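Notes follow the structure.
The values are calculated or read from the model by the stated rules, or taken from the named source; none is laboratory data. Given the structure is predicted, the values throughout are model-derived calculations rather than measurements. Because the Cβ atoms are built from the backbone with ideal geometry, glycine has one as well, and the counts that use them run over all protein chains shown. Just so you know, the surface numbers come from the protein's heavy atoms only, side chains and all, with ligands and any DNA or RNA stripped out. Shrake-Rupley method; radii C 1.70, N 1.55, O 1.52, S 1.80 Å.
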Amino acid sequence: MPEADASSKEKQYHADVPQQTPGFFLKGAGSYDWGMKNRLARVFNPETGRAVMLAVDHGYFQGPTTGLERIDLNIVPLVPYCDALFCTRGVLRTMVPPSSQKPMVLRASGGPSILKELSNEEIAMDMEDAVRLNAAGVGIQVFIGGEFETRSVHNMTRLVDAGYRVGMPVMGVTAVGKDMVRDAKYFRLACRICAELGAQYVKTYYVAEEFETVTASCPVPIVMAGGKKLPELEALTMAYNAVQQGAAGVDMGRNIFQTDAPIAMIQAVNAVVHKNLKPAKALEMYNTLKAQMKKECK
Ligand code: 5RP
């Protein structure tokens, strides 16, 4: 027998107030299950709908990349300033303190090194391990137009199926082969394929022309990839333009950790993404923070 409700308080059913069935703040995510939405809301700030992800997964195919030689020394101090870290499970287990409250998005594909054909990837992590690591998402490369296009797409769809079993969002990463043209037409195709086949969000590169058509034709959020190191003003301008043209944030690596002052840069990127700070102001912020840090070090 259940225990009797002994409270003397009158029950309040609020029969005149219909229960709300709210949508969800993130593009295309209204019909997902609670766990999937909750993981997405750990990465994307529900107040701005945007995310600053710090990408440090490069070692999975190119070894100790400049700036990532010592993740414990160079990257761990940046973690408090990002919304989520995109890294491999090897880095997570060996160098990221488990006391960190930041969401972790784990690189789930791999295989070939830079010495081989990069599109020849496989799924490189069990979904069970992502759950064990309390990941907020997993990311996988998709090589549209690449030699192993079908395999990479199938890797992603299998990961999406595994993700749905446990409520784990999958980020499709549009990898561009050396011979491919990086234009809006290509990225519209690649991003849309990722979304149609189930990715909950897509990481893709910015293009100067018609980027808004890439974001508009992709039914899930897009985070902008950083790409090779640019002068700080160019990187901040690119991030600014991307979010103004519909991106839901960034997943940047080298343009943060290869600057002279990564902690200053990530804060400037954050202000661009979450506060719509204009690039020139963001550069000012970067320089001021950089100077302050230099002073403190003396
Ligand atoms: C390649 C990747 C990377 O490994 C990484 O995340 C790229 O970051 P960035 O270009 O900003 O240094 O996803 O597609």
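Observations on the structure shown:
- Karplus-derived HN-Hα couplings along the stretch 250-258 (A = 6.51, B = -1.76, C = 1.60, θ = phi - 60°), whole Hz, x at Gly and Pro: 9, 10, 9, x, 4, 6, 10, 7, 9
- Going by accessible surface with a 1.4 Å probe and the largest first, Glu10, Glu121 read Glu10, Glu121.
- All aspartates and glutamates inside 15 Å of Lys178 as judged from Cα atoms, apart from same-chain residues fewer than 8 positions distant: Glu117, Glu147, Glu149
- Straight-distance candidates among the aspartates and glutamates for linking to Lys281, with alpha-carbon spacing under 15 Å and chain neighbours fewer than 8 residues away dropped: Glu232, Glu234.
- Derived scalar couplings ³J(HN,Hα) [the stretch 82-99; Karplus, 6.51 cos²θ - 1.76 cosθ + 1.60; whole Hz; x for Gly, Pro]: 9, 8, 7, 9, 9, 8, 8, 5, x, 5, 4, 5, 8, 10, 9, x, x, 6
- Evaluated with a Cβ-only charge set (Lys, Arg +1; Asp, Glu -1), the stretch 175-298 carries a dipole of roughly 380 debye about its Cα centre, given to the nearest 20.
- Here the chain has 52 percent of its accessible surface on carbon and sulfur atoms, given a 1.4 Å probe and all protein chains in place.
- The Cys residues in the chain with no partner Cys Cβ within less than 4.7 Å of their Cβ are Cys82, Cys87, Cys194, Cys297.
- Calculated [θ] (222 nm, deg cm²/dmol) that DSSP helices of n ≥ 4 give over the chain, each run adding -39,500 (n - 2.57): -11500 deg cm²/dmol
- Average accessible area per residue (Å²) across the chain - probe 1.4 Å, nucleic acids and ligands excluded: 51 Å²
- Solvent-accessible area of His14 with every protein chain in place, 1.4 Å probe, in Å² to the nearest 10: 110 Å²
- Among Ala271, Ala248, Ala136, residue whose mean-square fluctuation peaks in a GNM of the chain (springs only between Cα atoms under 10 Å): Ala271
- Checked against a 29 Å cut-off, the cross-linked pairs Lys116/Lys203; Lys275/Lys298; Lys203/Lys275; Lys185/Lys228; Lys37/Lys294; Lys229/Lys290 give Cα-Cα distances beyond that limit for Lys275/Lys298; Lys37/Lys294.
- A straight chain from Val131 to Phe24 at 0.36 nm per residue would run longer than the Cα-Cα distance by 36.2 nm.
- Length gained when the stretch Thr150-Met180 is fully extended (0.36 nm per residue, less Cα-Cα span): 9.1 nm
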